[in-house]
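Contents: one structure, followed by commentary.
The values are calculated or read from the model by the stated rules, or taken from the named source; none is laboratory data. Computed from a predicted model, the values in this text were never measured in an experiment. Don't worry about glycine lacking a Cβ; one is built from the backbone with ideal geometry, like all the others, and counts go over all protein chains shown.
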Amino acid sequence: MKNSIKKHGFTLLEIMVVMIIVGVLATVALVNYSGLMERQKAEEGKHILQALLRAQKVYAIDNGGFTNNINNLDVTISNLKYFDPPTVSNSNPIATIVRTNNYTLTINDNAVFSCGGTDYCAVIGIPCSFSCPTPAI
């Protein structure tokens, strides 16, 4: 008669491999989630810039040109959650808004967004076009 011992459970190596796989998947998910969250936050700035551009165009129709004083515009910007108060200009870029310590968004009179300041520009999907960091070699 043979002594047959049935093994039940997992070896330590199998558990470690599963833990490594779960860790890698969690890391990928976290990176994608943080990028998604930053894109959502950038939408606040983009909406504000679009509103300022519309107000600048109305002002230009009435006054023959853009203004560099936000108080001259018929627009109210309040309750900013992720950005500093915006600024406007009478030349391109028409409006600018800064995400504190992260990046700066601008819009020109053709409604083209620009981003500058850090690598966040790539994360939010707007090409970095001014004060861009030098890529590492």
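Could you run through region 32-70 and say how many residues are among the aromatic types (Phe, Trp, Tyr) and surrounded by 15 or more Cβ atoms within 10 Å (Cβ to Cβ)?
2
Mind listing whichever residues of region 104-127 are in contact with a strand residue (DSSP E or B) (Cβ under 8 Å, 6 or more places away or on another chain), touching a residue at least 24 places away in the same chain (Cβ under 8 Å) and within 24 Å of Asn32 (Cβ to Cβ)?
Across region 104-127, the qualifying residues are Leu105, Phe113, Tyr120, Ile124, Ile126.
On the basis of being modelled with pLDDT of 90 or more and more than 19 Å from Gly125 (Cβ to Cβ), does Ala29 make the cut?
no
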